[in-house]
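**Student:** Submitted below is the structure of interest, expressed as structure tokens.
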Protein chains: 2
Amino acid sequence: MQIKEAAAHLGVSPRSLRHYEQAGLLTPTRDANGYRHYGPADLRRAGRIRDMIATGFSTREVLAMAPCLSDDGAGACEAGLADLEHKLSQIDRLITDLQARRRTTLERIAQFRGTLSNANNERKDPGHDPDPRIAVPDRVPRRQR
Amino acid sequence: MQIKEAAAHLGVSPRSLRHYEQAGLLTPTRDANGYRHYGPADLRRAGRIRDMIATGFSTREVLAMAPCLSDDGAGACEAGLADLEHKLSQIDRLITDLQARRRTTLERIAQFRGTLSNANNERKDPGHDPDPRIAVPDRVPRRQR
DNA sequence: TACCCCCTTGACATTAGTGTCAGGGTCAAG
DNA sequence: CTTGACCCTGACACTAATGTCAAGGGGGTA
């Protein structure tokens, strides 16, 4: 599969695929004419990279846990595991918050619609009090290099 | 609470807080001397913004769903809701993938350790075959402006 | 009062991801 | 053989997030 088709499948630009490759994250084979060839494994890997990038990882960070990215090889993944779990917890926190906000928002909308449909209902918002806890992620000013 | 303390609580730099403010995401009050004052609501909001940014949203995207960000007000949030659910699904996909990869990685490590502790065990990796489906996010080249 | 630490705004620098273009090759269809 | 649609590399541009510095003010404490 050539780069344009692979990019289309992944929903990214060919430019981005080349960028991932340049960052050392992806190494598609080359056809005799020098064209990049993306096999199924390359597509899976690229999909993971694409998701990582889309979720706030930098290519350097992804590279740091590259061993965890490949389909095979349980090798030197321990190093990246900490980073991975750590980012996972960050994302979990956000997800939880997002879902909570989504729930309360839907409730508000439902209530709003209810208020509209029988306007004489004077029930006030009970105040559902979002979790006031401030989650503190570790400050990593910018990956040293 | 002044900016330095707020930033410390949130795990970001004062510079970033000013940046969020400049992007129209946050509006802390000002003390008589002109210093920014961050109340609990400001901290909660800033925490959400920080998480959004850390998870790949741009300030423009966050701004687009600003109504959904405040503690109160179920108002014009519908517009942002689509974006929000949409990104939520992206994140869900990644989370699922990450958790799956984490599971299999842990399995590999466990197996590796097992292989080490009794080296005469010649059992091969059964090949757990990660989901080959390539999830395709919608291609949004770059938010038009 | 002097000192220190915090604050303000504004400017400039850096980095990452990405778009886009130029100059040139591959290859299949007409 | 020409044409059109791909591909390649390399370069330049843009944007967003962030760091950092300069110039100056606020305010508590020795």
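**Student:** How crowded by other chains is A:54-64, given as the mean number of beta carbons from other chains within 10 Å of each beta carbon?
**Tutor:** The mean count of partner-chain Cβ atoms within 10 Å per residue comes to 3.
**Student:** Give me the summed buried accessible area for the B-A pair, 1.4 Å probe, to the nearest 100 Å².
**Tutor:** Buried surface at the B/A interface: approximately 4400 Å².
**Student:** Could you give, in nm with one decimal, how far B:Thr29 is from each other copy of that position, shortest first, with labels 7 Å out from Cα toward Cβ?
**Tutor:** For B:Thr29, the inter-copy label distances come out at 6.7 nm.
**Student:** Right, something else. Taking a label point 7 Å out from Cα toward Cβ, give me the nm distances from A:Ser70 to the same spot in the other copies, shortest first, one decimal.
**Tutor:** So the label point of A:Ser70 gives 5.3 nm to the other copies.
**Student:** Moving on. Consider the operator that turns chain A into chain B: which A residue has a Cβ nearest its axis, and what is that gap in Å?
**Tutor:** Rotation axis A onto B, closest Cβ, rounded to whole Å: A:Gly56, 2.
**Student:** Oh, and also: Residues with amide H under 5 Å of A:His37's amide H, sequence separation 5 or more or different chain, H placed in the peptide plane at 1.01 Å from N; which?
**Tutor:** Residues meeting the criterion, in which the H sits 1.01 Å from N, are A:Thr29, A:Arg30, A:Asp31.
**Student:** Applying the Karplus parametrisation 6.51 cos²θ - 1.76 cosθ + 1.60 with θ = phi - 60° to the phi angles of region B:38-53, what ³J(HN,Hα) value in whole Hz is obtained for each residue in order, glycine and proline being reported as x?
**Tutor:** 9, x, x, 5, 4, 5, 4, 4, 4, x, 5, 4, 4, 5, 4, 4
The values are calculated or read from the model by the stated rules, or taken from the named source; none is laboratory data. Small disclaimer: the values here were computed from a predicted structure and weren't measured. All Cβ positions, glycine included, derive from the backbone under ideal geometry; neighbour counts span all protein chains shown. All accessible areas refer to the heavy atoms of the entire protein, side chains included, with ligands and DNA or RNA removed. Shrake-Rupley method; radii C 1.70, N 1.55, O 1.52, S 1.80 Å.
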